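Take a look at the structure set out below.
Derivation of every value follows stated rules applied to the coordinates shown; laboratory data play no part. These numbers were taken from a predicted model, which means no experiment stands behind them. In this analysis, Cβ positions are derived from the backbone assuming ideal geometry, glycine residues included, and neighbour counts consider all displayed protein chains.
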Amino acid sequence: REPGEEHKATLDSELTAAVAGGITTICCPPDTDPVIDTPAMVQMIRQRAEEIGLTQVLPIGALTRGLAGERLTDMAALRDAGCVALGNAENTIDNTLVMRRAMQYATTFNLTVFLSALDPWLKGNGCVHEGEVSTRLGLPVIPEAAETVALARELALIETTGVRGHITQLSCARSVTSLAEARARNLPVTAAVSAHHLHLSEQDIGEFDTRCHVIPPLRSLMDRNGLRQGLTDGVIEAICSDHQPH
């Protein structure tokens, strides 16, 4: 959260925690304040990491200026400054034409694009999976379509542009199926799943356990098992912590 939200976490505290957990390299997402959308910000992050000296920090540059989803960043300058990939963090690029152009531009510089597959309109103000638990507790839902619809768009654009895409988090068994089909067509796409989605399901929410309030939400047992199978089969290639200090 550094710079901008040091009251939540700093590079010093995060790198110390990373080393304690045996992690030697981390990627810094672009949703700092100010956003990592200029070479100066990239250099500042790298310099701070070098001063601390505990782990290697690889900055992820912003796809759009200010993460606003409108104007593209200077990707060549970000790459030259040390960005290893580009993304828009959790800020959705609603304009599909802007996303297509961003992918085309990133392809020019051989940069991977990190993508969050979650439709903001279907997500709305939801907080749990649409199913038996949401009905029993009367909580607003995030249907699996919020992920599968967004994923379908990103996979179509990856196929059109040829960009290397990385889906930052999957939570549905249907998404694993879609990803497997895309990889069978040799699309250059990878994906990650969070550790908690591999271990927990909507059943663990119990009686409003706020520790289970995560985005994307914990889904059904079938979804959890589908994610596990996707990892076993190599469709999903990475496990992430989804660490977002708040």
Direction-averaged shadow area of the convex hull around the Cα atoms of region 63-134, nm²? 5.7
Shape call for region 1-132 from the C-alpha gyration tensor, a ≥ b ≥ c root eigenvalues: rounded (a/c under 1.5), prolate (a/b greater than b/c) or oblate? oblate
Considering only 171, 195, 73, whose Cα is most displaced toward the positive end of the charge dipole of the chain, charges sitting on Cβ of Lys, Arg (+1) and Asp, Glu (-1)? 73
Kirkwood-based shape ratio for region 116-246, expressed as Rg/Rh from alpha carbons: 0.97
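Compute the signed sum of charges (Lys and Arg +1, Asp and Glu -1) over the other residues within less than 15 Å, Cβ to Cβ, of residue 230. If you can, show how the numbers build up before the last one.
Numbers: positive: 174, 183, 219, 224, 228; negative: 144, 147, 181, 223, 233, 237.
Combined, the nearby Lys, Arg, Asp and Glu give -1.
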Could you size up the charge dipole of the chain around its Cα centre, putting +1 on the beta carbon of Lys and Arg and -1 on that of Asp and Glu, and report it in debye to the nearest 20? 600
For the chain: span of alpha carbons on each principal axis (Å, largest first): 50, 40, 33
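If you place +1 on the Cβ of every Lys and Arg and -1 on the Cβ of every Asp and Glu, how big does the dipole about the Cα centre of region 1-144 come out, in debye to the nearest 20? Present the calculation step by step, with values, prior to reporting the outcome.
Values: 11 positive and 19 negative charges, 68 e Å.
Computed about the Cα centre, the dipole is about 320 debye.
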Per DSSP loop assignment and a cutoff of at most 14 other beta carbons within 10 Å, the chain keeps its longest run without exposed trypsin sites (Lys or Arg not before Pro) at 72-184
Cα coordinate range in region 56-95, projected on the principal axes (Å, largest first): 32, 18, 12
Charge dipole of region 1-103 about the Cα centre (unit charges at C-beta), most positive-ward option of 4, 54, 84: 84
Along the dipole axis of the chain (charges at Cβ: +1 for Lys and Arg, -1 for Asp and Glu; origin at the Cα centre), the most positive-end residue among 210, 112, 23 is 112
For 231, 86, what ranking results if the residue with the fewest other Cβ atoms within 10 Å of its Cβ goes first? 231, 86
